[in-house]
Amino acid sequence: MFTGLIEDIGIVKKISSSKIEVETKLEGISKGDSISVNGVCLTAVIVNKNSFIADYSPNTDKITTLSKLKQNSNVNLERALTMSSRLGGHIVSGHVDGTAKIETIENLKNFYKIIFSCKYNITSHCVEKGSVAVDGISLTISSLSSSGFEIFVIPETFNNTIVQFKKIGDEVNIETDILAKYIEKIADKKTNGISLEMLKGNGFI
């Protein structure tokens, strides 16, 4: 489990169709630890002094952008939560739902506005002012449509994540808020849809 608060920008040293090695400044990584790489939860199987190696499955290769990474690509890194960690972002599982494409990037001096296009299976679990993980970064959706969403990125996030390297046309990994998925499941089982009464009855509001 992760928070979506990026700890380091790593550099891909080697990558194949099932294995990735990432150089990092993060300390305290042990074999078997979960690490979020661009929002994808991976397990460190080999840990070297300044890098770790992780395997990833064909399904992960299919639904994420890992296969598009190359040697020297920059990646967002976050170590898994501990029991004493503060939850500064939102609950992120590291199980990517799919990808989105960057349509526009606008520099607004104090903020960056980015618009993404994606499939309905992504937007159906998004709400305005709700949380979304973009390449593992916890962000807030400012506006939403059936074909995509818009976010604003503060300079602190921009300068300390790989957002600074992104350009129009790039694809990113997306994980929607897990709470939306649970609400949908409850709604499907108990009602004909999501209503104010349903949300109150199940303790969401």
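No lab work stands behind these numbers, since they all come straight from the coordinates. No experiment lies behind these values; they were computed from the predicted model shown. Cβ placement follows ideal geometry from the backbone for every residue including glycine, while neighbour counts extend to all protein chains displayed.
Just a few scattered comments:
- Dipole orientation for the chain: of the candidates 42, 168, 121, 42 has the Cα lying most toward the positive pole (charges on Cβ; Lys, Arg +1; Asp, Glu -1).
- Listed residues 4, 56, 112: farthest to the positive end of the dipole of the chain (Cβ charges): 56
- The sum of -39500 (n - 2.57) across all DSSP H runs of n ≥ 4, divided by the residue count of the chain, sets its helix-only mean residue ellipticity at 222 nm to -4000 deg cm²/dmol.
- Kirkwood-Stokes translational diffusion coefficient of the chain, alpha-carbon pairs, 20 °C, 1.002 mPa s, µm²/s: 121
- Segment 98-177, dipole about Cα centre (Lys/Arg Cβ +1, Asp/Glu Cβ -1), debye to the nearest 20: 160
- Cα-based helix-to-principal-axis angle, 178-190 vs the chain, degrees rounded to 10: 40
- Of 19/62; 129/166; 13/68; 25/109; 19/119, those spanning more than 25 Å from alpha-carbon to alpha-carbon: 25/109; 19/119
- Lys, Arg +1 and Asp, Glu -1 on Cβ, resulting dipole of the chain about Cα centre, debye, nearest 20: 200
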